Structure formats: structure tokens, C-alpha cells
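The values are calculated or read from the model by the stated rules, or taken from the named source; none is laboratory data. Everything numeric in this text was worked out from a predicted model, so none of it was measured. Neighbour counts run over all protein chains shown; Cβ positions are idealised from the backbone, glycine included. Quick note on the areas: whole protein, heavy atoms, side chains included, nothing else; ligands and nucleic acids left out. Shrake-Rupley method; radii C 1.70, N 1.55, O 1.52, S 1.80 Å.
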Amino acid sequence: MTIGEALKQERNKLNLTQSAMAADIISPSFYSKVENNLHEINVNDLLAILNVHSIDISAFFRKISTNPQIDYFDFTLFTNKILNIWHQQNIEEVSSLRKELDKYNGNDADFLKLQVDLLSFFLTNREKGNLPAPFLQKLRAELFKQNSWSLTSLKIFRLTMRIYDLDQLTFFMASIMNKFSDFKGVNLEIVEVIAAISVNYLDNCYENNEFNQSRNVQNYLEKMPANLTLFAYKLLGRYYQALFDKNTTELTNIRQVFIDCGYQAFIQLLPK
């Protein structure tokens with residue numbers, strides 16, 4: 001049995017549509033190709049789909065024929081490499097990223113390649129805010145594709161937010177909020193990444209003294225589910241709201257909550 005056949009079997013057991021089975025981890029159209037053995041799926045996305053539907057992973061892989069054609073592209077390692085290259089400002093290492101991507105043809109390959117191109121541009125130019133129009137047009141076209149904001153692309157964006165100026169971040173933030181306007185049925189891991197992106201955006205607004213830009217994102221954070229996993233992000237959203245409103249009492253209270261929970265070192269990193 002192939003991976004696609006095994007996925008279809010599990011989907012039928014759960015009585016789910018292909019869109020529901022994809023669970024915003026990959027696009028429904030890409031999932032359909034995987035199920036019909038027209039495309040390979042990387043192991044991270046496959047495991048995410050199995051986990052979100054509580055499918056026994058060991059039992060699933062026992063169904064599959066030997067030597068299954070799975071793309072073992074490691075997204076966590078790849079995104080960490082992007083971040084490390086940016087921190088070290090090491091343009092020479094970008095070529096190794098390109099070689100890794102040459103071996104990958106997954107759902108987010110185009111987006112990842114574009115991120116590497118952008119990383120290369122900013123390392124070469126050493127400036128923010130001068131993104132050439134052709135790059136921005138490519139990025140917008142990629143993001144406007146159906147379901148382009150997958151878990152993977154959100155993670156990549158979160159790690160590379162610092163290479164965009166506020167206007168570009170505002171565009172991307174609007175795109176994310178438009179796609180995930182309702183969190184009902186959205187994978188919690190996706191919501192958590194969006195929450196982190198939202199807090200990073202608020203911090204960027206504060207650094208640029210653009211308080212008006214932040215209101216929609218603050219409200220967006222408030223709409224997120226009342227889940228303990230999201231508590232710190234939602235509290236940080238309130239912290240930035242208090243910063244923008246110059247509400248010193250609220251700032252003190254929120255800082256004290258973090259201190260009481262043992263995050264004294266973290267508090268030192270927050271703007272006052």
C-alpha cells in the first residue's frame with residue numbers, strides 16, 4: 001500500500017473530506033495529489049496530518065510497502081539554518097541552502113526558494129526597506145495562491161520577519177488575518193505560530209512608532225482561542241496595547257505576572 005492509499009483509507013474511516021483531512025497543514029489540492037500518488041509528501045507534513053487526526057503512526061507505517069517514497073526534508077533544520085545565516089550575516093552559506101532546496105519538490109518549495117532569494121538579497125545589500133519590486137511581486141503572487149499560508153510557510157515567515165520593513169509586514173499580516181479570520185477547526189500549532197507572528201509585528205510597530213497600525217492585530221490576538229498554549233502571546237498583546245496607550249499601571253501588572261511565573265530574564269527584553 002502506498003502513502004496515498006493509506007491516507008485515503010484513514011480519511012474514509014474518519015468520514016472526512018480531502019480538505020478536512022489536509023487540515024490547513026498542506027493545501028487540499030496538494031493533498032489530493034498525494035492521495036492519488038501524483039505527488040510525494042514530506043515527512044513533517046505527513047506526521048502533522050496523522051497527529052492532528054489522532055491516527056496511530058506506527059499502525060499507519062505498517063500498512064505502507066517497503067521503501068516508501070517520502071521526502072525527508074527537515075523543515076526545522078532548514079529554518080534554523082536560515083536564522084543562523086541571518087544572524088551570522090554569512091552570504092557564503094546561502095548556496096548550501098539552494099542545493100538543499102534543489103532536492104525538494106514539496107508543496108512549499110517555491111515559497112522556500114523565494115525566501116532564500118530574499119535572504120540573499122538582504123545579506124548582499126545590508127539594508128532593510130529596499131526590496132525590489134520584482135521580488136515583492138513574486139512574494140505577493142506566492143502568498144495569493146490558494147492556501148499558501150501553510151504551517152511551514154508561516155514558520156519560515158516568523159523566522160525571517162526581521163528582513164522586511166513595516167509596510168511589507170503589514171501587507172503579509174493582512175494576508176494572514178484574511179486567511180485565518182476564523183480559528184474554528186484550525187490546527188493549534190498553526191494558531192500558535194500566528195500568535196508569535198502577531199507579537200513580533202506589534203514589536204515592530206512599537207519600534208517604528210506606528211501605533212495605529214497595531215490596533216487590528218491586537219484585536220486579532222484577543223479573538224484567538226482561550227487556550228493556555230496561547231496565554232503568553234495574548235498577554236504580550238495586552239502588554240503592547242498598554243505601551244501604546246502609555247498605561248503604566250497595566251504595564252506594571254503584566255510585568256509582575258511574568259515575574260511571578262519565573263520569567264524575570266524574559267521581562268528584561270521587553271520594551272518599557
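See the values below:
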item: Å² of accessible area per residue within the chain, as computed with a 1.4 Å probe and no ligands counted; result: 51 Å²
item: Cα-only radius of gyration and Dmax that characterise the range 157-272, units Å; result: 13.9, 37
item: Protein accessible area in the chain, 1.4 Å probe - carbon and sulfur %; result: 48 percent
item: For the chain: Kirkwood Rh in Å [reciprocal of mean 1/r, alpha carbons]; result: 20.4 Å
item: Residue-span extension gain [N219 to S181] - 0.36 nm each, minus C-alpha spacing; result: 12.5 nm
item: Distance in nm between pseudo-label sites at F211 and I64 (7 Å out along the Cβ direction from Cα); result: 5.3 nm
item: Length gained when the stretch S29-T17 is fully extended (0.36 nm per residue, less Cα-Cα span); result: 3.1 nm
item: Extension gain (nm, one decimal) between A265 and L38, 0.36 nm per residue minus Cα-Cα; result: 76.7 nm
item: Hypothetical label at I57: residues of the range 171-190 whose amide nitrogen lies under 20 Å (7 Å Cα-Cβ projection); result: 187-190
item: All lysines inside 27 Å of K246 as judged from Cα atoms, apart from same-chain residues fewer than 8 positions distant; result: K223, K234, K272
item: Alpha-carbon Rg with Dmax, taken over the range 187-246, Å; result: 11.0, 35
